[in-house]
Amino acid sequence: MQNHDLIPRLLPCPDRSFFLFGPRATGKSTWLKQVLPDALYLDLLNASLYLELTRDPHRLEALAGNRPAKSWIVLDEIQKAPALLDEVHRLMESRRLNFALCGSSARKLRRGGANLLAGRAITLNMEGFSAAELGDRFSLPFSLEWGLLPFVQEERHRAGDILEAYVNTYLKEEVREEGLVRSVPPFLRFLSVAGQLNGQMVNAYNIAREAEVPRSTVDTYFSILIDTLLGHFLPAWRPGVKVREVAHPKFYWFDPGVARAAAGLLRDPLDRSMKRTSLETLIFHELRVYNEISRKMRPLAYYRTAAGVEIDFIIETRKRQASKPPHLVAVEVKLSEKWDRTWENPMRALACLPGIKVERLFGVYTGKRVYHFEGVDILPLPDFLLALHRGDVF
């Protein structure tokens, strides 16, 4: 495989200052060097630079030198020095410099009292490679098992070692050094449980019992994973107040390989249940990537009634208004070489509910045939991903 820094990313670079957040090792720094080759690049992982700028933030202007207005300055690992944002703000206003502010979490920035520049910088998010970025390099069997992190895709023969080191590095850099938890062993137990519950509804009481931690601690631990962008809650979509739904959110790790590493299952064969949730995780990842690069930013959810009827993904293409119903796209995902038409029933039932407008219904599976069954498009995974990134899904 080619080096991952040669694989073009789909995220467009803005023409104004921006924050770039994303989990560690997803290619943020590499992308910044590609799209802003002439920028002044300042990495706060450099200990001497970090100490210099935290002791005297005004040194940032001296480092900028005589660069003209609209010149770019990249500050990598910005979450390590929240106080620098005041100086960044001043230089944006007084000298009209553009800043790319990169980090793996906005948690410390917010806790440090930073206001994220009061809207003067837009926010972008970057995750691992998407199937569209990998193109012909994309392998579904490999990606379900090991995920889409750039280093994993680049060195596939070392995927297990890389993912094991990734989780250990995260614990060292994000948890221990940032002081996010008081004691690491309980957090380790939680990670193992959360890894095994990837793609499932969150029952905090059950997780607390399995991880042997207080119920309130589970909420804190999940907030750490969300803030450091290692996972995302997928809320339950509610068609209306008169319809009973199960309201617990689902939790998905940002990457199926990282979920497997957190669960401690890298050395065990991937069973069918985990393959199924890996497939859902991959689809959720692709939906988020397309949402980001297209800037459509449509709400994503899942649908499940009290009777247990479930649809994997609901994309709200238009929100409910006083005189207009919400518009939706529904996606059902199956790990199967053959499509069973009974799998369409939950989507068809949703489309019949009053007070909503369903625009498209998709079934996505691992077979090879395309079907069109009375308003439901059944697509093999590669066809669905092509349609998604063409803008044909939403």
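The values are calculated or read from the model by the stated rules, or taken from the named source; none is laboratory data. All values reported here derive from a predicted model rather than from experimental measurement. When we count neighbours, we look across all protein chains shown, and the Cβ atoms used for this are built from the backbone with ideal geometry, even at glycine.
See the values below:
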quantity: Residue within the range 310-331 that is in a loop (DSSP other than H, G, I, E, B), out of contact with any Leu (no Cβ under 8 Å at 6 or more places or on another chain), farther than 15 Å from Val358 by Cβ and at pLDDT 95 or above present; calculated: no
quantity: All positions within the range 340-383 that are touching a residue at least 60 places away in the same chain (Cβ under 8 Å) and under 24 Å from Arg295 (Cβ atoms); calculated: Val364
quantity: Selection within the range 19-50 - surrounded by 16 or more Cβ atoms within 10 Å (Cβ to Cβ), within 19 Å of Pro82 (Cα to Cα) and out of contact with any strand residue (DSSP E or B) (no Cβ under 8 Å at 6 or more places or on another chain); calculated: Pro23, Arg24, Tyr50
quantity: Test for Leu53: is it out of contact with any Cys (no Cβ under 6 Å at 6 or more places or on another chain), surrounded by fewer than 19 Cβ atoms within 10 Å (Cβ to Cβ), over 16 Å from Asn98 (Cβ atoms) and in the same structural domain as Ala118 (by TED's automatic domain parsing); calculated: no
quantity: Among residues of the range 72-118, those that are of a type in the set (Gly, Ala, Ser) and surrounded by fewer than 17 Cβ atoms within 10 Å (Cβ to Cβ), counted; calculated: 5
quantity: Answer residue from the range 312-328, given it is hydrophobic (A, V, I, L, M, F, W, C) and more than 20 Å from the chain's Cα centre (by Cα) and is farthest from Asp377 (Cα to Cα) among those; calculated: Ala322
quantity: Conditions (1) surrounded by 16 or more Cβ atoms within 10 Å (Cβ to Cβ); (2) within 14 Å of the chain's Cα centre (by Cα); (3) modelled with pLDDT under 95; number of the one not met by Ile226; calculated: (1)
quantity: Helices (runs of 4 or more DSSP H) completely within the range 68-149 that count 2 or more residues being over 30 Å from Pro380 (Cα atoms) and either aliphatic (A, V, I, L, M) or free of Cβ contacts under 8 Å to residues at least 60 places away in the same chain (or both); calculated: 84-94, 107-111
quantity: Unique residue being in a helix (DSSP H, G or I), more than 23 Å from Tyr252 (Cβ to Cβ), touching a strand residue (DSSP E or B) at 6+ places or on another chain (Cβ under 6 Å) and at pLDDT 95 or above when the list is Glu292, Glu359, Glu344; calculated: Glu344
quantity: Residue in the range 362-377 that is at pLDDT below 95 and polar (S, T, N, Q) present; calculated: no
quantity: Test: Glu145 is within 19 Å of Arg24 (Cα to Cα), in contact with a helix residue (DSSP H, G or I) (Cβ under 9 Å, 6 or more places away or on another chain), at pLDDT 95 or above and surrounded by 13 or more Cβ atoms within 10 Å (Cβ to Cβ); calculated: no
quantity: Single residue of the range 57-67 satisfying the filter (in a helix (DSSP H, G or I) and in contact with a helix residue (DSSP H, G or I) (Cβ under 7 Å, 6 or more places away or on another chain)) that is surrounded by the most Cβ atoms within 10 Å (Cβ to Cβ); calculated: Leu60
quantity: Gly147 being on the phi > 0 side of the Ramachandran plot and outside the structural domain of Phe18 (by TED's automatic domain parsing); calculated: yes
quantity: Among residues of the range 33-56, those that are of a type outside the set (D, E, K, R) and part of a helix (DSSP H, G or I), counted; calculated: 9
quantity: Residue count for the range 192-213, restricted to those that are part of a loop (DSSP other than H, G, I, E, B), more than 18 Å from the chain's Cα centre (by Cα) and buried (at least 19 other Cβ atoms within 10 Å of the Cβ); calculated: 1
quantity: Answer residue from the range 79-107, given it is hydroxyl-bearing (Ser, Thr, Tyr) and touching a Leu at 6+ places or on another chain (Cβ under 9 Å) and is farthest from Leu180 (Cα to Cα) among those; calculated: Ser104
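Every residue, every condition in (1) buried (at least 20 other Cβ atoms within 10 Å of the Cβ); (2) among the basic types (Lys, Arg), yes or no:
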| site | (1), (2) |
| --- | --- |
| Ala351 | no, no |
| Lys357 | no, yes |
| Leu361 | yes, no |
| Tyr365 | yes, no |
| Lys368 | no, yes |
| His372 | no, no |
| Gly375 | no, no |
| Leu381 | yes, no |
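Each row is one residue, and each column tells you yes or no for (1) out of contact with any helix residue (DSSP H, G or I) (no Cβ under 8 Å at 6 or more places or on another chain); (2) surrounded by 14 or more Cβ atoms within 10 Å (Cβ to Cβ); (3) among the basic types (Lys, Arg).
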site	(1), (2), (3)
Val175	no, yes, no
Phe190	no, yes, no
Arg215	no, no, yes
Pro235	yes, yes, no
